[in-house]
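The values are calculated or read from the model by the stated rules, or taken from the named source; none is laboratory data. Fair warning: this is a prediction, and the values are worked out from it, not measured in the lab. Backbone-built Cβ (ideal geometry, glycine too); neighbour counts: all protein chains shown.
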Amino acid sequence: KTMKIGFIGLGNMGGPMAANLVKAGHEVTGFDLTAPMPEGVSKADSATAAVNGVDVVITMLPNGDILRSVADQIIPAMRQGAVLCDCSTVDVDSARAVATLADAAGLGALDAPVSGGVGGAMAGTLTFMVGGGAEAFATVEPLFAIMGQKAVHCGASGAGQAAKICNNMILGVTMIATCEAFALADKLGLDRQKMFDVVSTSSGYSWTMNAYCPAPGVGPQSPADNDYKPGFASELMLKDLRLSQQAAESVDADTPMGQMAKALYEQFVENEGGKGMDFSAMLPRFENRGRD
Ligand code: NAD
């Protein structure tokens with residue numbers, strides 16, 4: 001059935017997600033401070049105007065502080081029983097705080113961060129990791145099916161963000177491990193193709209080695225083969241690693257590898273020219289350091 005959807009934050013990710021909802025026949029009203037509306041999305045003059053009378057509100061915003069301020073505005077303007085579904089990557093505490101506010105106002109609430117990047121948003125092949133109530137999940141599930149290929153209901157509010165940052169903490173750590181091992185192999189005179197042939201079929205294999213190999217010309221096509229143009233930009237990896245460490249601190253979890261990965265990406269992005277480069281550009285970074 002056709003749903004009325006309010007969409008707030010139509011940037012690199014939100015724009016194509018909203019466009020796919022329109023293509024599937026839904027009625028989408030959008031609001032963004034700067035981004036243009038994709039074809040078929042009607043433009044609202046404010047966030048509150050965008051959510052007026054809709055069944056589902058989707059937000060795709062830069063961070064938790066912005067999400068909280070937008071939620072404060074729109075929650076009182078949403079109709080009873082509607083669902084607020086945030087697809088941004090934000091801290092677990094902000095996700096839970098927004099869900100509590102929504103619940104108190106008689107709304108459903110989901111935290112539903114995504115993986116798959118801009119390519120996945122355009123192709124409608126995102127993966128959604130979702131926290132919140134079963135009823136709200138059931139309401140939004142048909143929309144997840146349009147914007148993505150998979151939606152996992154991970155548990156109560158905050159569980160979606162928890163899944164996202166845990167996954168990306170593993171990803172950041174694994175990418176660094178793969179890159180430093182390639183740099184060591186170089187110094188030991190081991191051919192990169194041989195390194196790939198062995199590791200990709202041995203116990204050191206991983207998604208970063210097998211599917212997203214950071215060495216140019218080795219393994220399947222990856223950003224390494226395109227001068228390390230993202231892909232998944234280093235500063236976005238840093239954002240997610242910061243969120244994982246913020247979460248670890250708040251629950252007193254011991255994540256020394258996550259901490260180290262955060263520190264290395266921080267250095268890379270802020271002092272070593274890594275901003276705007278794919279997160280696999282850690283490999284040339286390790287090589288260059290070794291030659292200094
Ligand atoms: P973006 O900066 O392109 O889009 C964010 C949009 O929010 C912008 O258009 C901005 O104008 C708008 N905005 C900011 N404040 C607003 C407000 N108060 N009211 C209305 N609109 C407002 O960012 P993006 O790449 O689309 O990322 C969005 C979210 O998705 C982030 O949380 C990011 O971490 C997450 N994410 C991004 C990727 C990716 O590859 N880009 C992948 C997975 C998850």
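General remarks:
- Exactly one residue out of Asp65, Asp93, Asp72 is closer than 22 Å to Ala248 by Cα and either within 14 Å of the ligand (Cβ to nearest atom) or hydrophobic (A, V, I, L, M, F, W, C) (or both): that is Asp65.
- Considering the conditions (1) modelled with pLDDT under 95; (2) within 24 Å of the chain's Cα centre (by Cα), Lys1 is excluded by exactly one of them, (2).
- Count - residues of the range 179-207 that are closer than 22 Å to Asn168 by Cβ, assigned to a helix (DSSP H, G or I) and among the small types (Gly, Ala, Ser): 1
- Residue within the range 259-278 that is among the hydroxyl-bearing types (Ser, Thr, Tyr), surrounded by 12 or more Cβ atoms within 10 Å (Cβ to Cβ), part of a helix (DSSP H, G or I) and under 22 Å from the mean Cα position of the chain (by Cα) present: yes
- Screening Lys43 on (1) surrounded by 24 or more Cβ atoms within 10 Å (Cβ to Cβ); (2) touching a Pro at 6+ places or on another chain (Cβ under 9 Å) shows it passes everything except condition (1).
- Within the range 88-109, considering residues that are of a type outside the set (D, E, K, R) and within 18 Å of Cys166 (Cβ to Cβ), the one nearest to the chain's Cα centre (by Cα): Thr89
- Residues that are within 11 Å of the ligand (Cβ to nearest atom) and under 20 Å from Ala112 (Cα atoms) were ranked within the range 25-40; the one that is surrounded by the fewest Cβ atoms within 10 Å (Cβ to Cβ) is Asp32.
- Flag for Pro220 being surrounded by fewer than 20 Cβ atoms within 10 Å (Cβ to Cβ) and in contact with an Asp or Glu (Cβ under 6 Å, 6 or more places away or on another chain): no
- Any hit, the range 79-87, residues being within 16 Å of the ligand (Cβ to nearest atom) and either among the β-branched types (Val, Ile, Thr) or more than 22 Å from the chain's Cα centre (by Cα) (or both): no
- Of the criteria (1) touching a Leu at 6+ places or on another chain (Cβ under 7 Å); (2) within 14 Å of the ligand (Cβ to nearest atom), which one Ala47 fails: (1)
- Lone qualifier among Asp191, Asp240, Asp227, Asp197 - being among the charged types (D, E, K, R) and either touching a Ser or Thr at 6+ places or on another chain (Cβ under 6 Å) or surrounded by 18 or more Cβ atoms within 10 Å (Cβ to Cβ) (or both): Asp240
- Some residue of the range 6-18 being surrounded by 14 or more Cβ atoms within 10 Å (Cβ to Cβ), away from the ligand (no atom under 12 Å from the Cβ), modelled with pLDDT of 95 or more and more than 25 Å from Gly158 (Cβ to Cβ): no
- Odd one out for Gly106 among (1) in a loop (DSSP other than H, G, I, E, B); (2) closer than 17 Å to Asp65 by Cα: (2)
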